[in-house]
1. Which percent of the accessible area of the stretch 141-225 is formed by carbon and sulfur heavy atoms (probe 1.4 angstrom)?
2. What is the pair-distance distribution P(r) of the chain, computed from all Cα-Cα distances in 10 Å bins starting at 0, with each bin given as a whole percent?
3. FRET efficiency for LYS256 and ARG344, Cβ-Cβ distance as r, R0 = 25 Å, nearest 0.05?
4. Express the accessible area of the stretch 93-193 per residue in Å², computed with a 1.4 Å probe while the remaining protein chains stay in the model.
5. Tell me the per residue accessible area of the stretch 256-339 using a 1.4 Å probe; a whole number in Å² is fine.
6. Normalising by the residue count of the chain, find the relative contact order in percent from Cα pairs under 8 Å and 6+ residues apart.
7. Can you give me the % of accessible surface on the stretch 268-309 that is carbon or sulfur? Probe 1.4 Å, all protein chains present, nothing else counted.
8. At q = 0.22 Å⁻¹, what is the log10 ratio I(q)/I(0) for the stretch 272-385, with the Debye formula run over Cα points and no solvent?
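The values are calculated or read from the model by the stated rules, or taken from the named source; none is laboratory data. Keep in mind the model is a prediction, meaning the values are calculated, not measured. In this analysis, Cβ positions are derived from the backbone assuming ideal geometry, glycine residues included, and neighbour counts consider all displayed protein chains. Ligands, DNA and RNA are excluded from the accessible area calculation, which covers all protein heavy atoms including side chains. Shrake-Rupley method; radii C 1.70, N 1.55, O 1.52, S 1.80 Å.
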Amino acid sequence: MSITLVLHEATRTGAPRVGGLIAKELAKELAKAEDVHVIVLKDGPLTPWLRDLLGDERLTVLDGAEFEFRVPFEERLAAAAALLEKRPDDLVYVNSLAASVFVLAAKAAGRRAVIHVHEKADEIVHLMRHVLTKIEVMSVADGAVLAAGDLFRDVLDVFGMIPAKTVDFGIAIDIDAVREQAAETPTPALNAAGEPFAKGERLVVGMCGHASPRKGSDIFLGVAEAAPDCDFLWVGGWSPEESIENLAYEDFVAKKPPNLYVAGAVDNPYAHIGQMDLFFLSSREDPNPLVLAEAMALRVPLLCFSKTTAVANRLGRSAILCHGLPNVEDATRVIKACAPEHLRSEAFRALSDPWISSFDLKEKMRDIMDLIENIRAADEALSLEISAEVEIAAADSAS
């Protein structure tokens, strides 16, 4: 079975980066006996990695303009169909509902399609408002991969159904790669005055993501202002050029908090995460927080809120977990109660050790491989059934 993998964007600082990891592992596994092609809708740091793995002939990289929500849906559907037509692969694996136009294009071409869902209900509705996904996507998909088990209810609530072949993939990371890159020297992180970050005795609180209201960049800024005795480090797009949704940027420039440092959209976020004493997930909604597993792999303690993510039950036993939605007051209270020597102690840093192996991407890939094999088996069974019916019909005709 030949496979096309469609990635919404090739980033390392945001949910879509799991698509790059899946592409890498799927390509490695399937290339032993199958043909794999990756389409990246928006270029990013993962592109050279994928190019080294697959070669130019199996990688198509776009600039993102063709598939923006401003482009009429019919034009996006035609563009997706044209890209798929260049390679008549048997199955199309689409990472993120934001790229689900490829599911519809695949089915229109008579191909199998799998959708990987990262989004919770509110985000799905937001994508529908911008016509980046449609209500019929789930009804035509042959299989679904959910970034977290709780998304099963979100998908049912919005779409009204879910494919029979559905896998709860959960959080998955390449643990060895995260630790290897964390050992590299980080790029400079600067505050609004242009002063570089340098780790010292002060508590270092960090967050990694594409700055936006959804990621709680305004909350992170508010906590930094409320806790001037700590240093705060944001890793990921922050400036308007990198993140037009960052409503905290104007206050950052105007108030110039000296203790808030920004690394920006970097190729290697792990070198920065490794410097943190506490990873604060400021996101209002983050159902598939890969970065928490990455912080765990680097033994960085976590501060999270229960309403943010679908894995709160696990975090309650391996992180500092606050009830409700993230807010400045509660986060500040917890951070001010944390002493650097405590968070840097072996006992605190070992809290997440028992969970690390459960996030190993290599183990998780077996579930996706089984899903693909089930779809293949269903196709083969259908082909045999049709062949048998044809033979019976031919025999009846001859008699």
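1. C and S fraction of accessible area: 51 percent.
2. 5, 22, 31, 23, 12, 4, 2, 1, 0, 0
3. Plugging the Cβ-Cβ distance into 1/(1 + (r/R0)^6) gives 0.30.
4. Details: 3890 Å² over 101 residues.
Value for the stretch 93-193: 39 Å² per residue.
5. Here the residues of the stretch 256-339 average 31 Å² of exposed surface.
6. This gives 14 percent for the chain.
7. Looking at the stretch 268-309 in its full context, I get 44 percent from C and S.
8. Taken in order of the listed q values, log10 I(q)/I(0) reads -1.24.
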